[in-house]
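Participant: Take a look at the following structure, please.
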Amino acid sequence: TEDRAGAMLPRMADPDYLWSRAGIRSLSPRRPDGGRDPMYQAQEDYWRGKVWININYLVLQALSRRYSSLPGARELYASARGAVMGNMVQQYGRRGFIFEQYDDNTGEGLKHKPFAGWSALVLLIMGEIY
């Protein structure tokens, strides 16, 4: 619902929760009550906190198509889109690959490379094709 989406926007824009320099994290490093998540970066963190382009595509799609009238949605859309594109272009220029996922702190490409699966969604993000 719009109420739930509106309540999420501040957390999505908050670096302590979902925002990162490379885009929106897959999961927050913080628990819903505000404390540190004991599992974050503490065992298998394959999904926890990393920036995945498929998740960012879905977030951008929702912000663009459904929730653009909510306060802060357009700004979050522009910031997240810019972060994803900028980081992927930077990583590609530096290393010559697109990756499966990106580190939420450094933006560094992680795991499989070259990875043209869901990370190729960056082309649709660039063209704003949702």
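Participant: Need the full-extension length gain, Leu58 to Asp16, defined as separation in residues times 0.36 nm minus the C-alpha distance. One decimal, nm. Please report the intermediate quantities before stating the final value.
Facilitator: Working: separation 42, 0.36 × 42 = 15.12 nm, distance 2.09 nm.
Value of the extension gain: 13.0 nm.
Participant: Give me the net charge of Ser68's neighbourhood, meaning all other residues with Cβ under 13 Å from the Cβ of Ser68; Lys, Arg count +1, Asp, Glu -1.
Facilitator: +1
Participant: Using 0.36 nm per residue, how much length does the chain from Leu123 to Glu75 gain when fully extended, once their Cα-Cα distance is taken away?
Facilitator: Details: separation 48, 0.36 × 48 = 17.28 nm, distance 2.06 nm.
Gain on extension, Leu123 to Glu75, equals 15.2 nm.
Participant: Using a 10 angstrom cutoff on alpha carbons, build the Gaussian network for the chain and name the most mobile of Trp118, Trp19, Trp52.
Facilitator: Trp118
Participant: Could I ask something else about it? Counting only other residues whose beta carbon sits under 11 Å from that of Ser119, what net charge do I get with K and R as +1, D and E as -1? Don't skip to the end; give the middle numbers.
Facilitator: Working: positive: Lys111, Lys113; negative: Glu100.
After counting each charged neighbour, the total is +1.
Participant: Non-local amide H neighbours of Gln101 (under 5 Å, H modeled in plane, Pro and chain starts lacking H): which ones?
Facilitator: Excluding prolines and chain starts, which carry no amide H, the hits are Leu110, His112.
Participant: What residue among Ser69, Ser20, Ser119 has the largest mean-square fluctuation in a Gaussian network model of the chain, using Cα springs under 10 Å?
Facilitator: Ser69
Participant: Once phi is turned into θ = phi - 60°, what whole-Hz ³J(HN,Hα) does the Karplus curve with 6.51, -1.76 and 1.60 give for every residue of the range 81-96, x standing for Gly and Pro?
Facilitator: Values, residue by residue: 4, x, 5, 4, 5, x, 5, 5, 5, 4, 5, 5, x, 7, 10, x Hz.
Participant: May I pose another question? Which whole-number value in Å² is the accessible area per residue of the chain, probe 1.4 Å?
Facilitator: Details: 7060 Å² over 130 residues.
I get 54 Å² per residue for this part.
Participant: Let me ask something else about it. First select every other residue whose beta carbon is under 15 angstrom from the beta carbon of Ile129; then total the charges, Lys and Arg +1, Asp and Glu -1.
Facilitator: Values: positive: Arg65, Arg81; negative: Glu128.
Overall, the nearby charge balance is +1.
The values are calculated or read from the model by the stated rules, or taken from the named source; none is laboratory data. The shown structure was predicted, so the numbers you read here are calculated from the model rather than taken from an experiment. Here the Cβ is made from the backbone with ideal geometry for all residues, glycine too, and neighbour counts use every protein chain on show. Surface accessibility is based on the protein's heavy atoms, side chains included, excluding ligands, DNA and RNA. Shrake-Rupley method; radii C 1.70, N 1.55, O 1.52, S 1.80 Å.
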